[in-house]
Amino acid sequence: MSTQKRRNFQIEAFKHRVVVDPKYAEKTWNILEHAIHEIYNHNASGLSFEELYRNAYNMVLHKFGEKLYSGLVTTMTMHLREISKSIEDAQGGSFLEELNRKWADHNKALQMIRDILMYMDRTFIPSTHKTPVHALGLNLWRDNIIHSSNIQTRLLNTLLDLVQEERTGEIIDRWLVRNVIMMLMDLGSAVYQEDFEKHFLNVSANFYSVESQQFIECCDCGDYLKKAERRLNEEMERVSQYLDPSSEAKITNVVEKEMIANHMHRLVHMENSGLVNMLVDDKYEDLGRMYSLFRRVPDGLSLIRDVMTSHIRDTGRQLVTDPEKARNPVDFVQRLLDEKDKHDKIISMAFNNDKTFQNALNSSFEYFINLNPRSPEFISLFVDEKLRKGLKGYSEEDVEVVLDKVMMLFRYLQEKDVFEKYYKQHLAKRLLSGKTVSDDAERSLIVKLKTECGYQFTSKLEGMFTDMKTSQDTMQGFHASQATNLGDGPTLVVQVLTTGSWPTQPSPACNLPAEILGVCEKFRMYYLGTHTGRRLSWQTNMGTADLKATFGKGQKHELNVSTYQMCILMLFNNADRLSYKEIEQATEIPASDLKRSLQSLALIKGKNVLRKEPMSKDVGEDDAFFFNDKFTSKFIKLKINTVNAQKESEPEKQETRQRVEEDRKPQVEAAIVRIMKSRRVLDHNNIVAEVTKQLQSRFLPNPVVIKKRIESLIEREFLERDKVDRKLYRYLA
């Protein structure tokens, strides 16, 4: 295939000279000028646009573009001056209508003129850097009409008056205003901003400054916020209807500043209707309105958040430090939960689930819940009440909701190990007395605690459940081995508890009745025969018994009592009257437990199987007790609970606190050793900070305790002080 050679073509001008008639330019311009006059006079229908275009084309082609351009400027200026006079003469409401009508006419004329002069627009104007025809027409309109001394101020005042009328509730011609505003925008955003927007914003600021002052003097907070919200919505609608979209942010900023930012402190603290009143009265709508308005202004939300936090902390402080409200632990915790639910609902419904508000709520609860040192005990008592009977009839989902709420309060506790101590005691009582509502609920809570605090926190709790299951298997084996030996004697059910897992304290065993001692010995022999290297010690303070009792007239009842109560009652098989000291000597029950047991047997109406002389509310050492032959009850089975203070006594509280402090010592030491092992050398303040950080998930260690544990570790040669800087510690491998 052969490649063809590329050929270059060149067009050359005519060799002969083209002669143009000297009067050609003048004649042609006269034709075009006449056409422009006709267009402005609405007589364009008789014009030949093709011929006019050709004339304009030839003028530019023959180098008369400058004449054509300058003639256009002169002619258009002349017409616009006439239009200006016409607009100036318009009176009242017809002023804007005349301006709008003339603007529409000018635009039509400009379109026709641009079509005629299209060739000039495309060639002459770019080469000479002049303003294109359409832009020229707009500039001339701006200079001769809008910036006319008689029109400029009048136009601005007319527009501002119409806006003011609309703000005061009057109906205005929005379509007309929109057209005029669009005209200003067509003339350039600078014209719109300088000739209208700047003044509009200033006037609006003055208007809302005055109005907001009037509102705040006569309205409560809720009503004021409604008015502010309405004004804000009106301004946004105004922009969408007839202002330029770029004005929306500017005018809303004006309203926000004048109506919200300038008054927000007064609004929030307004007496009888401010933020605190809204929170107390659950005014979700007003709170939501305040949130949505205040989020628009700088520091608005932080102000709401700070006032809310202060209110919650004050309320919570009163709640946890009021001795009256702390009388009943269950009610105490329920009030905390109600308070949390209340503010959770407010944050959800009014504050758009704002995380910063949720965090503020959490920090407030953490602050005041730890003001009461008994909060861990009370939360455990609340759980105890719920898992004993409070959750009866609840669905699984409802139970989970209650447990989740308990866990929420648990997270706020700084002394989680104190809660663990009490929870373990209460769980032990529930398991041993068989009073738990649901094993599933118990295990569910332990799983939640394990997730929150780790395996170590719950290992002993899980061990308690394991012991209960193992005890069932042990008892089955025991009963099978004794099937032929038990006869009609008492039936024994034993729970064998691992010492380390259960919160049992060494307590002196009471003197059991001879009938019971025999079967207990049989069990001991069986258990030690099947398990090697173990030792059994009876916890008589934790047991229960079922007794059959016969009263006067042969009336029979089954009594469910504690082991201590059983020991007392069985003494009356051989005596009708016993003094307090005789009972104490025969049973050797500790004095405090003995008094509570006797109170429950003799002083509770409907369950008083014993009589006391003299009759009084308390048991004294000189009292005498009788078997109550006249006891009657419509129930065959009776449960006689031991009188028991729901809360710990002061000595018990001190003892529990002491045990907690003792348990903390090895944990603090372990943390110190872990830190020093990795860091090798560290100063005192950093050790305290690191130990606090490591242990704060369980409790907040006292710096004094940390210092004592460091000294103990130095004595035992785990650490040493630096020989130069005594504040530095070194780890000894």
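The numbers here are math on the coordinates, done by the rules we state, and not lab data. Only a predicted model underlies this, so the values are computations on that prediction, with no experimental measurement involved. We place every Cβ from the backbone using ideal geometry, glycine too, and count neighbours over all the protein chains shown.
Listing for the model above:
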{"read-out": "Under the Karplus curve 6.51 cos²θ - 1.76 cosθ + 1.60, θ = phi - 60°, whole-Hz ³J(HN,Hα) for the stretch 671-685, x wherever Gly or Pro sits", "value": "5, 4, 5, 4, 5, 5, 5, 8, 9, 6, 10, 7, 8, 4, 4"}
{"read-out": "Extreme residue, positive dipole direction of the stretch 151-230, given options Ala190, Val203, Gly222 (C-beta unit charges)", "value": "Ala190"}
{"read-out": "Listed residue pairs exceeding 22 Å between alpha carbons, taken from Lys27/Lys63; Lys556/Lys617; Lys429/Lys595", "value": "Lys556/Lys617"}
{"read-out": "Cβ-Cβ FRET estimate between Asp683 and Glu661, R0 fixed at 25 Å, reported to 0.05", "value": "0.45"}
{"read-out": "In degrees, nearest ten, helix 221-242 long axis to first principal axis of the chain (Cα)", "value": "30"}
{"read-out": "FRET E, pair Arg388, Ser592, Förster distance 30 Å, beta-carbon r, rounded to 0.05", "value": "0.85"}
{"read-out": "Radius of gyration and maximum dimension Dmax of the stretch 426-501, Cα, Å", "value": "15.5, 51"}
{"read-out": "Alpha-carbon centroid distance for the pair the stretch 385-464 / the stretch 168-186, whole angstrom", "value": "69"}
{"read-out": "Anchor Lys630: aspartates and glutamates whose Cα lies under 20 Å away (excluding residues fewer than 8 positions away in-chain)", "value": "Glu558, Asp576, Glu613"}
{"read-out": "Cross-link pairs beyond the 19 Å C-alpha cut-off, checked among Lys386/Lys424; Lys130/Lys198; Lys581/Lys637", "value": "Lys130/Lys198; Lys581/Lys637"}
{"read-out": "Extended-chain gain in nm, criterion 0.36 nm per residue less alpha-carbon gap, Ser48 and Glu170", "value": "39.0 nm"}
{"read-out": "Hull shadow area, averaged, the stretch 675-718 [alpha-carbon convex hull, nm²]", "value": "3.1"}
{"read-out": "Largest-first ellipsoid semi-axes for the stretch 275-322, taking √(5λ) over the Cα gyration tensor eigenvalues, angstrom", "value": "23, 13, 5"}
{"read-out": "Whole-Å semi-axes of the stretch 508-647's equivalent ellipsoid (Cα gyration tensor)", "value": "28, 18, 14"}
{"read-out": "Cα-centre dipole for the stretch 296-343 with unit charges at Cβ (Lys and Arg positive, Asp and Glu negative), debye to 20", "value": "80"}
{"read-out": "Spread of Cα-to-Cα distances over 20 Å intervals beginning at zero, given as percent, for the chain", "value": "12, 24, 20, 15, 14, 9, 5, 1"}
{"read-out": "Distance from the stretch 69-114 to the stretch 657-718 (C-alpha centre basis), Å", "value": "90"}
{"read-out": "Simple Cβ-charge dipole of the chain, Lys/Arg +1 and Asp/Glu -1, about Cα centre, in debye nearest 20", "value": "2800"}
{"read-out": "All aspartates and glutamates inside 16 Å of Lys435 as judged from Cα atoms, apart from same-chain residues fewer than 8 positions distant", "value": "Asp384, Glu385, Asp546"}
{"read-out": "Relative contact order for the chain, counting Cα pairs under 8 Å that sit 6 or more residues apart, in percent", "value": "6"}
{"read-out": "Degrees, to the nearest 10: 439-453 long Cα axis against longest axis of the chain", "value": "60"}
{"read-out": "Degrees, to the nearest 10: 703-715 long Cα axis against longest axis of the chain", "value": "60"}
{"read-out": "Rounded to whole Hz, the Karplus (6.51, -1.76, 1.60) HN-Hα couplings of the stretch 153-159, x for glycine and proline", "value": "5, 5, 4, 4, 5, 4, 5"}
{"read-out": "Table column - 3J(HN,Hα) (Hz), the stretch 339-351, Karplus curve with 6.51, -1.76, 1.60, x for Gly and Pro", "value": "5, 5, 4, 4, 6, 4, 5, 4, 5, 6, 8, 10, 10"}
{"read-out": "Positive-pole candidate from Ser94, Ser48, Gln599, dipole of the chain, charges at beta carbon", "value": "Gln599"}
{"read-out": "Positive minus negative residues near Glu462 (Lys, Arg vs Asp, Glu; Cβ under 12 Å)", "value": "+3"}
{"read-out": "Cβ-defined net charge surrounding Ala90, 15 Å radius [Lys, Arg +1; Asp, Glu -1]", "value": "-3"}
{"read-out": "Pair Asn107, Thr499: separation of 7 Å Cα→Cβ label points (nm)", "value": "9.9"}
{"read-out": "Qualifying lysines (Cα of each under 22 Å from Cα of Lys727; at least 8 residues distant if same chain)", "value": "Lys665, Lys677, Lys693, Lys707, Lys708"}
{"read-out": "Cα principal axis extents for the stretch 63-142, largest first, Å", "value": "48, 18, 17"}
